[in-house]
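Notes follow once the structure below has been shown.
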Amino acid sequence: NAAPAMWPAHPTSDTIVLDRVAPAATAPTWALPAGAALAGTRMPVRLTWTGTDATSGVATYRLRSSVDGQAWTTVSTSLTSTVLLRHLAPGHTYRFAVAAVDKAGNIGAWAYGPTFRLSAVSQSSSAVRYAGTWATSTSTTWWGGTARASSRAGSTASFTFTGRSIAWVGLKGVGRGKAAVYVNGVYKATVDLYSATTKKQLIVWSANYGASATRTVTIKVLGTAGRPRVDVDGFIVGS
């Protein structure tokens, strides 16, 4: 005869939670990130957002974009990070939206970020004012084929812009020195352009503000001993 079934000495139970609550995402914000390089003529923009879900947790995010006010297009349906670097063409307006998806498959509402525009400013533009000693360098290394360079301490390059974000595009490499950066005459940072390997068409310094305004950024060559050269390859304005 079969042995009698063995039952637990005490009854057991479990709780099943049915997740019907959609997750939430915050509107994506954008910034011009220092340390990121251009990709051809396209400019790096860092998008960030957050997501929450009280039950099963956020699994992925969906991201879509609109260019120049046109129809929305899908960027990704399976992002797991809340930070994304995108390379965007200048001369256009952009808007991004994010939706969170939780582990139960619920999809949250779209959260829409602000519309912004990217503009490229050549170092040869009349809007960029130089003082001291500067020379023009021509090479495929440079964004647009040319850059301005100075090794004379005290030489400055100034650019007045209206926008929410500003980026100085330059080069890091052997023989490159330090420059001080000022905004509206106020010291902001000392940028060291030395690198054992050449890093071209790079955002070497940037600033991102909460509101658009007219500001003047000034780059001052410090004449670093043994490696004084500073290059200005252009500027990016986000407005």
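The values are calculated or read from the model by the stated rules, or taken from the named source; none is laboratory data. Remember, predicted model here, so these are calculated numbers, not experimental data. Counting neighbours? That spans all protein chains shown, and the Cβs are built from the backbone with ideal geometry, glycine included. Side chains included, ligands, DNA and RNA excluded: accessible areas come from the protein's heavy atoms. Shrake-Rupley method; radii C 1.70, N 1.55, O 1.52, S 1.80 Å.
Quick notes
- G144 being open to solvent by 50 Å² or more (accessible area, probe 1.4 Å), touching an Asp or Glu at 6+ places or on another chain (Cβ under 9 Å) and over 24 Å from L222 (Cβ atoms): yes
- Within segment 28-42, the set of residues being small (G, A, S) and either surrounded by 15 or more Cβ atoms within 10 Å (Cβ to Cβ) or within 12 Å of the chain's Cα centre (by Cα) (or both) comprises A31, A34, G35, A36, A37.
- Just one of the listed residues (R62, R42, R95) is touching a residue at least 40 places away in the same chain (Cβ under 8 Å), basic (K, R) and under 30 Å from L171 (Cα atoms), namely R42.
- Entry remark, segment 203-239: residues being under 27 Å from S151 (Cβ atoms) and among the hydroxyl-bearing types (S, T, Y) number 4 in total.
Residues are listed down the side, and each one gets a yes or a no for (1) of a type in the set (A, V, I, L, M); (2) at pLDDT below 95; (3) within 26 Å of K199 (Cβ to Cβ):
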{"position": "P23", "(1), (2), (3)": "no, no, no"}
{"position": "W30", "(1), (2), (3)": "no, no, yes"}
{"position": "L38", "(1), (2), (3)": "yes, no, yes"}
{"position": "L63", "(1), (2), (3)": "yes, no, no"}
{"position": "A71", "(1), (2), (3)": "yes, no, no"}
{"position": "T74", "(1), (2), (3)": "no, no, no"}
{"position": "T80", "(1), (2), (3)": "no, no, no"}
{"position": "L85", "(1), (2), (3)": "yes, no, yes"}
{"position": "G91", "(1), (2), (3)": "no, no, yes"}
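- In segment 111-125, the residues that are within 22 Å of Q201 (Cα to Cα) and open to solvent by 20 Å² or more (accessible area, probe 1.4 Å) form Cβ pairs under 8 Å with partners that are in a strand (DSSP E or B) and among the basic types (K, R), at six or more places apart or across chains, as follows: S124/R148.
- For segment 182-195, taking the residues that are surrounded by fewer than 19 Cβ atoms within 10 Å (Cβ to Cβ) and either small (G, A, S) or touching a Phe, Trp or Tyr at 6+ places or on another chain (Cβ under 9 Å) (or both), the one that is farthest from V45 (Cα to Cα) is identified as G185.
- From the options T162, T141, residue that is more than 20 Å from the chain's Cα centre (by Cα) and on the phi < 0 side of the Ramachandran plot: T141
- Matching residues in segment 128-138 - criterion: being open to solvent by less than 40 Å² (accessible area, probe 1.4 Å) and not in a strand (DSSP E or B): none
- Within segment 196-211, the set of residues being polar (S, T, N, Q) and surrounded by fewer than 15 Cβ atoms within 10 Å (Cβ to Cβ) comprises T197, T198.
- Test: residue in segment 151-166 that is closer than 20 Å to V217 by Cβ, without any contact (Cβ under 8 Å) to a residue 60 or more places away in the chain and among the β-branched types (V, I, T): yes
- Counting only residues that are open to solvent by less than 40 Å² (accessible area, probe 1.4 Å), within 14 Å of the chain's Cα centre (by Cα) and among the β-branched types (V, I, T), segment 43-97 holds 1 of them.
- Within segment 43-68, considering residues that are outside any loop (DSSP other than H, G, I, E, B) and out of contact with any Pro (no Cβ under 8 Å at 6 or more places or on another chain), the one farthest from V204 (Cα to Cα): A59
- For F161: the one exception among (1) open to solvent by 50 Å² or more (accessible area, probe 1.4 Å); (2) aromatic (F, W, Y); (3) touching a Phe, Trp or Tyr at 6+ places or on another chain (Cβ under 9 Å): (1)
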